[in-house]
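These notes are about the structure you will find just below.
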Amino acid sequence: MTVAPPKILLQLRVNGTDMACAAHPNKTLLEVLREDLGLTGTKHGCEMGHCGACTVLLDGRPVLSCLALAVEAQGHEIRTVEGLAHGPHLHPLQQTFAETGAAQCGYCTPGFLMTAAALLETTRTPSEADIRQAIAGNLCRCTGYTKIVEAIALAAERMREQAEHV
Ligand code: FES
Ligand code: FES
């Protein structure tokens, strides 16, 4: 019989807020976000690094939270889909995914949103090839990807327009 290692105090910064919980040190970031911090927006898919449903941002870069240990995420800025909207205002990506039908069952959507958010934070005018390359690690069984690519391109366009009017 294997004995679970004792719990440790984890201190994580998630969506700009310091959070703490007691958890086993071998838990993944995905497990701690969902089970210990109650942030269930990040989805539990293959748990093997194949589907991208669990994608979150770590210091602005997409990571597969099923393959990252929570203990190693301490000291980094974690961003999940719960942190994408600004108060009552949806992120442009959330808006365009809803408008274009890029979310059907929606299970893959948080992962796509976080991957796309990272892309649009570094690339203001992504080409279709840039978008397809960025989302290559995210799988969707429903949409055929075309509407997802459209939604990301439309969000990029709106974010450029917004930036021009600031
Ligand atoms: S659940 Fe992490 S890649 Fe599938
Ligand atoms: S919308 Fe169903 S898996 Fe992508």
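Of all beta bridges that DSSP places with both ends in the chain, some 90 percent have antiparallel geometry. Taking one quarter of the surface of the C-alpha convex hull of the stretch 92-164 gives a mean projected area of 4.2 nm². Taking Cα atoms only, the orientation of helix 109-122 departs from the longest principal axis of the chain by about 70 degrees.
Given the peptides 147-156, 38-47, arrange them by the average over their residues of other C-beta atoms within 10 Å, most packed first.
The packing order, highest mean first, is 147-156, 38-47.
For the stretch 8-83, the Cα-based Rg and Dmax, in that order, read 10.9, 30 Å. For the chain, the longest principal axis of the Cα atoms and the long axis of helix 146-164 meet at an angle of about 80 degrees. When the charge dipole of the stretch 92-164 is built from unit charges on Cβ atoms (+1 for Lys and Arg, -1 for Asp and Glu) and taken about the Cα centre, the candidate among T143, L119, A98 whose Cα reaches farthest toward its positive end is T143. Taking other Cβ atoms within 10 Å as a rough exposure proxy, S127, S65 sort from fewest to most as S127, S65.
From helices alone, the chain scores -9000 deg cm²/dmol at 222 nm; the rule is -39500 (n - 2.57) for each run of n ≥ 4 DSSP H residues, then divide by the residue total.
Since every read-out is calculated from the coordinates, none of them should be taken as a lab result. In this text the structure is predicted, and so the values were computed from the model without any measurement. Neighbour counts run over all protein chains shown; Cβ positions are idealised from the backbone, glycine included.
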